[in-house]
Every structure is written in structure tokens, then in C-alpha cells.
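Notes to accompany the following structure.
Computed from the coordinates by the stated procedures, all read-outs in this text should not be read as laboratory data. This is a predicted model, so every value here is computed, not measured. Cβ placement follows ideal geometry from the backbone for every residue including glycine, while neighbour counts extend to all protein chains displayed.
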Amino acid sequence: MSVFDVLQERGFIQQLTHEDEIRELLAKEKITFYIGFDPTADSLHVGHFLGMMVMAHMQQHGHRPICLIGGGTAMVGDPSGKTDMRKMMTRETINHNGDRFKLQMQRFIDFSDDKALMMNNADWLLELNYVEFLRDVGAHFSVNRMLTAECFKQRLEKGLSFLEFNYMLMQSYDFLELNRRVNCTMQMGGDDQWSNIIQGVDLIRRKDSKPAYGLTFTLLTTSDGRKMGKTEKGALWLDPEKTSPYEFYQYWRNIDDADVEKCLALLTFLPMDEVRRLGALQDKEINTAKQVLAFEITKIVHGVEEAEKAQQAAQALFGGTGALENAPTTTISAADASSKLIDLLATNAIFASKSEGRRLIAQGGLYLGDTKITDPDFTLSTNLFTNGSLLVRKGKKTYHRLVIE
């Protein structure tokens, strides 16, 4: 089975520039391909993880990935899928974020012995002469055609800056540079990148009369079309300091039943026979599939040890078994153990704010152990702690442990 068949069976493939040629190419040759990642934050998130899984499947079949860090394109900002212009970042911030991306990518991709490349488009984009670039590259782009692209359509009503309008040219030029430098013949990306990808393919074929190909993979969305990977704290990050392995595990443990099989196929390496078996489970049995999903994804992102800790914490909190010390924990001082509960939880970011805490208490959703808290001015006392530990529950599924140091 070629990697094309694998990607197709698992539900990755959305659009292709030359389907028959790509199918044959991936079956008969070992190619160099790339996916771009603009470092707009200091961590990859679960949307990037989908792209990393595509790269991993490709590499397992002998193809060479290029992880292209967008040190140059991030200074402009991709308008694709955005209703407003991105916040402008300094070069220092972009470089810092790019370094963080590199560290995380090494968990998923083998960069040893030239099996994969890590490159940065700042190396060529930031040195360009603007007039020469317009003459050399801009002449091959039709403004009329660009304005029909999906990535621009939704922005035209609210306003599209000329800065962002250049993004498509820059991304296309990236593909041309990679083709010339390391014989990169295919660009991959999320389906929101289709317009940018086909322009890059077209640029190589026009400029150098060489074959080039594009393939987009599905975006990570729920069965009803909502973007997946959003939590009450924001994005679902791959950095354990931003989203703990336990929170990461619990996100997948709690997804909708309708999304389980899709996520097993896209975000784990489980054989498809097992994916289909787990995805077919019904009613309470689907929870077994969710536990497998949560463990497998957490294992890939954070390692087996952290996945086992997260699983044990979940079993301790929801099943009465397992190790409670692996649950999310905040250490407080003895003095804090006698402070107002709502102040303590807001200060330690267990609540986003005091007002959120008051709302939760008013709705009957805050518990200490099994005791519902009804007074927003409730004050803690050390005798509430058992062996120096107290369990806080928000709603039905969110637990946090307070421990006196």
C-alpha cells in the first residue's frame, strides 16, 4: 500500500492538483515535499499536529519532509481563514517562536541523516529586492484570479491590506525556492491553503517548466463543522507548559461520539481495522474508544509516561481507581489554606477571573470534594484538607487538586 492509499483511507486527502500523477509519483518514487508553519505563537497547536501526522506517514513510506518555518511570511501574516488582520510581530518574537516550533517538531519527525529538513523562509524572503521580486514573480500572477481565491473573498468586505495581499506571492515563491534548492516537488497544507498552493505549483511550471504538485488535507473540525482544538483556556497547545498532558488527554476523552472514528484515523497510528472497530462502538462502550483515542494521541505528543500519568489521573477522578497525584495540582501555602476560596482559585488561574467563579457558584457548579459551594464569599480552612490535599470540581468533568506545601 502506497502512502497515497494510506492518506486516502485515513481521510486526510481533500484536494489535489494532478491526482493521477500524484498517485503514481508517491507509489513509484521517493520525493521531497514541504509543509509550512508560520510561527505566530510560541507553541504548535493541535491544528499543526494534523500536518505533523501527514509528514510522519509520508516519512514512514520513505519520502523526505521539509518543515518550513515561516520566519519571513509570519512578518506579513496569512489572511487565509482570518476575519481580521493578524497582529504584527517583531523579528525577535518570530525567531523565538520558530525555535520553539523546531524543538516540538523533533518529537514527530526524524531529522537524522538528512531524512528530513528544517528550513526557514526568512533566509530568502528577507533579502529580496522588492522591484526585482515584482518583475520576476509578480508578473506571473493575475490579480483577477487572486481576487477569486477563497482566502481573500471573506476579507474583501471587511478590508484586505496590501500587505496581506502579498502573502500568496511569498508562499508561491517559497515553493519555487525549495524546488530549486532541494528539488522539492510537492507542497502540502490544510485545505484552507488550496489557493496559495495551486499558485505555487503554477509558478514553478511557468518559470522553470518543471513538474510540481499540490495536495491539501482535511482541516480538524467536528462532525457539525466547528473548528476542533478550542478549550475554555483557548487553543489546545502541544507545549505541556501551556496545555498540561492531563488537560490534553481529557480534551480527547470528552469529544463528541460522532468525532471518535475520524480522530482515531487522523491522529493516531492505529491500524484502520482497529479504528473502524472502535468507531463502531455504541452507547457507553464508545467511552472505551475515547480512552484509547486520548491515550494514543497523548502518547504521540507527550510520550508514554505522561500518557500513563494522565490516564491514571482520569481513572482516579472519574473511576475511583488510579493515582490522584497525577491530577492537575496547585501547591499553596498554609496561609493560603485559610483564604477566600474564590480569590485563591482566581489567583492560581483555576478560574479565569473572580467573576467566572461567582457565575459558577451561582449556577451550582463548584464543589469541594462532594460538597457544593453556594456562598461566593466562602473561606477555606485547613481542616477541609485531608492529608494536606483538597479536591476542587468545576462542573461535572473539571477537577483540580489543592495541596498545602
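Quick notes on this structure:
- Projected label distance in nm at Ala258 and Met1, using a 7 Å step from Cα toward the beta-carbon: 2.7
- Candidates Thr231, Thr331, Thr17, ranked by Gaussian network fluctuation over the chain, Cα under 10 Å, top entry: Thr331
- The alpha carbon centroids of the range 165-225 and the range 101-154 are separated by 8 Å.
- For the chain, the dipole from Cβ point charges (+1 on Lys and Arg, -1 on Asp and Glu) about the Cα centre works out to 620 debye, to the nearest 20.
- Farthest towards the positive end of the charge dipole of the chain, among the residues Leu219, Thr374, Asn166, is the Cα of Thr374, using unit charges on the Cβ of Lys, Arg, Asp and Glu.
- Two-site label geometry, Ala362 and Val304: point separation in nm, points 7 Å out along Cα→Cβ: 5.0
- Label sites at Arg135 and Ser161, each approximated as a point 7 angstrom past Cα along Cα to Cβ, lie 2.8 nm apart.
- Radius of gyration over Kirkwood radius for the range 200-262, both on Cα atoms: the Rg/Rh ratio is 1.24.
- Reciprocal of mean inverse Cα separation for the range 3-217 (Kirkwood radius, Å): 17.5
- Adding -39500 (n - 2.57) for every DSSP H run of four residues or longer, then dividing by how many residues the chain holds, sets the calculated 222 nm ellipticity at -13000 deg cm²/dmol.
- Summarising the strand pairing of the chain, around 50 percent of its internal DSSP beta bridges are antiparallel.
- Most to least packed among 160-166, 3-9, 109-115 [average Cβ atoms within 10 Å]: 3-9, 160-166, 109-115
- Antiparallel bridge percentage (DSSP; both residues within the range 3-217; nearest 5): 15
- Computed from the C-beta positions of Gln8 and Asp208 and an R0 of 30 Å, the FRET efficiency is 0.55 to the nearest 0.05.
- Listed residue pairs exceeding 30 Å between alpha carbons, taken from Lys102/Lys354; Lys299/Lys394; Lys284/Lys372; Lys207/Lys227; Lys230/Lys299; Lys102/Lys394: Lys102/Lys354; Lys207/Lys227; Lys102/Lys394
- Theoretical FRET efficiency, 1/(1+(r/R0)^6), r = Cβ-Cβ of Thr379 and Lys230, R0 35 Å, to 0.05: 0.55
- A Stokes-Einstein calculation at 20 °C with viscosity 1.002 mPa s, built on the Kirkwood radius of the range 113-266 over Cα pairs, returns a diffusion coefficient of 116 µm²/s.
- For the chain, the Kirkwood hydrodynamic radius comes to 23.5 Å, computed from all pairs of different C-alpha atoms.
- Residues considered: Tyr213, Tyr130, Tyr251. Largest GNM mean-square fluctuation over the chain, using C-alpha springs under 10 Å, is found at Tyr130.
- FRET efficiency for Ser142 and Glu241, using Cβ-Cβ distance with R0 set to 56 Å, rounded to 0.05: 0.80
- Positive-end ranking of Leu402, Gly70, Thr268 along the dipole of the chain, with charges on Cβ about the Cα centre, is headed by Leu402.
- Counting only Cβ charges, +1 for Lys and Arg and -1 for Asp and Glu, the dipole size of the range 230-323 around its Cα centre is about 60 debye.
- Extension gain for Leu103 to Lys372 (0.36 nm times residue separation, less C-alpha to C-alpha distance): 92.5 nm.
- Cleavage-rule hits, trypsin sites (Lys or Arg not before Pro), the range 1-62, DSSP coil, Cβ neighbours within 10 Å at most 16: Lys30
- Residue with peak Gaussian network fluctuation, the chain [Cα springs, cutoff 10 Å], from Leu366, Leu50, Leu68: Leu366
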